[in-house]
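Asker: Input: one structure, supplied below.
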Amino acid sequence: MSKKILLTGGAGFIGSHTYVALKDAGYEPVILDNFSNARRDVTDRLEIITGAPVVCIEGDVLDGNLLDRIFSDHKIDAVIHFAALKAVGESVEQPFEYLNTNIAGLYSLLGAMRRANVFTLVFSSSATVYGQPDQLPVKETAPRSFNNPYGYSKLVCEQSLEQIAASDQRWAFGILRYFNPVGAHETGLIGEDPNDIPNNLVPYIAKVATGELSQLSVWGDDYDTPDGTGIRDYIHVVDLARGHVQSVDALLKSGEGHVVNLGTGTGYSVLEMVKAYEHAAGRQLPYRIAPRRAGDVACVYGDPRLADELLGFKAELGLDEMCASSWNWVSRRKNF
Ligand code: UD1
């Protein structure tokens, strides 16, 4: 019997790619999503990609009664918890919404899991918990901090999971610290689709490439980096999705938890990203140099070795594939 995996936020960018990776690996994913930052037709497109009906429940992780119903209707074996808010700037303006959705949302889910005797959870964390690391590439043992309510929410969730795991051996948590997920599925049917003007670099560049936005603002060219612009560890979302399958495999097999970086170990600057995207899109992309964005750090890239050691996870797709697949997605999306 295939194992059933509940994907909260499964219609979103990372969730939808993980859905495909889980199906490919023989799991039966079940999606719960409130569609606050995902389009409803994602499920139709997942059906085209996988050739099978999608089970998707519309609702919120804060709704404990709904969670109880899902656990009893679907005999869930493990959960991957993507559902969360993730825009840093917005979190400063609306801290309650962020803390409630991200922290109370996790507690609501854990409560329902415990009532249903399901103790295996993969949690979406972020390299944001490292702030500006002292040492690069950053290792999982680096000190953690936060600069904004979003980062605080991820840190509190990680610490809560650690305390809960220490108190009861039945729990097995996979905490995955994502670096910067970009790119899209090779079919061009799913990808990142922000509702508003994108905050993140690659979705913004993509909209400049399609002509929806007129130019990119490069937030600062006076950082202590070779070209002065910020450096990040961009990882193809298809690789990242596979990391979730490997995490859930490991948890179900061993019952042992893990905390790992999901990145490539290589950093690229903003200007390198612009160049790579220009190559993919076959056009020049207008940009201007603007002041630094508040709260940004100069350079972050992760040490990927622990994920390899514990999960056998290695990112395989490079920068060209990230940009080409993103461009394929945004140029086709106009026709949906
Ligand atoms: C941001 C968040 C991080 C969160 C992640 C995922 C901040 C400070 N950090 O990461 O906590 O986990 O998103 O949502 O917001 N850039 C531009 N112009 C743009 C957009 C970005 O120059 O229009 C630059 C940034 O200054 C940075 C790089 O591109 O150097 C990447 O930015 P972004 O995609 O927002 O990711 P992070 O800042 O790494």
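Asker: Please find, among ASN65, ASN37, ASN102, the residue that is open to solvent by less than 20 Å² (accessible area, probe 1.4 Å) and either modelled with pLDDT of 95 or more or more than 22 Å from VAL245 (Cα to Cα) (or both).
Answerer: Selected residue: ASN102, the only one of ASN65, ASN37, ASN102 that is open to solvent by less than 20 Å² (accessible area, probe 1.4 Å) and either modelled with pLDDT of 95 or more or more than 22 Å from VAL245 (Cα to Cα) (or both).
Asker: Further, regarding this structure: Checking the conditions here, which among SER153, SER160 is in contact with a helix residue (DSSP H, G or I) (Cβ under 9 Å, 6 or more places away or on another chain), away from the ligand (no atom under 15 Å from the Cβ) and in a helix (DSSP H, G or I)?
Answerer: After ruling out the rest, the residue left standing is SER160.
Asker: Which count do you get for residues in region 261-275 that are open to solvent by 10 Å² or more (accessible area, probe 1.4 Å), over 15 Å from GLN215 (Cβ atoms) and within 15 Å of the ligand (Cβ to nearest atom)?
Answerer: Qualifying residue count for the region: 6.
Asker: Any residue in region 227-238 that is modelled with pLDDT of 95 or more, β-branched (Val, Ile, Thr) and near the ligand (Cβ under 9 Å from one of its atoms)?
Answerer: yes
Asker: Moving on to the next point. Do the conditions hold for LEU99, that is, is it in a helix (DSSP H, G or I), touching a Ser or Thr at 6+ places or on another chain (Cβ under 6 Å), under 24 Å from GLU192 (Cα atoms) and not aromatic (Phe, Trp, Tyr)?
Answerer: yes
Asker: Report, by residue number, each residue of region 102-142 that is part of a loop (DSSP other than H, G, I, E, B) and touching a residue at least 12 places away in the same chain (Cβ under 8 Å).
Answerer: ALA116, VAL118, PHE119, GLY131, GLN132, PRO133, LEU136, PRO137, LYS139, GLU140, ALA142
Asker: Within region 1-80, considering only helices (runs of 4 or more DSSP H) that don't extend past its boundaries, which have at least 3 residues that are over 17 Å from the mean Cα position of the chain (by Cα)?
Answerer: 42-50, 64-74
Asker: Against the condition among the charged types (D, E, K, R) and surrounded by fewer than 24 Cβ atoms within 10 Å (Cβ to Cβ), how does ASP233 come out, does it pass?
Answerer: Here the answer is no, as ASP233 does not meet what is asked.
The values are calculated or read from the model by the stated rules, or taken from the named source; none is laboratory data. Remember, predicted model here, so these are calculated numbers, not experimental data. All Cβ positions, glycine included, derive from the backbone under ideal geometry; neighbour counts span all protein chains shown. In case anyone asks, the SASA skips ligands and DNA or RNA and just uses the protein heavy atoms, side chains included. Shrake-Rupley method; radii C 1.70, N 1.55, O 1.52, S 1.80 Å.
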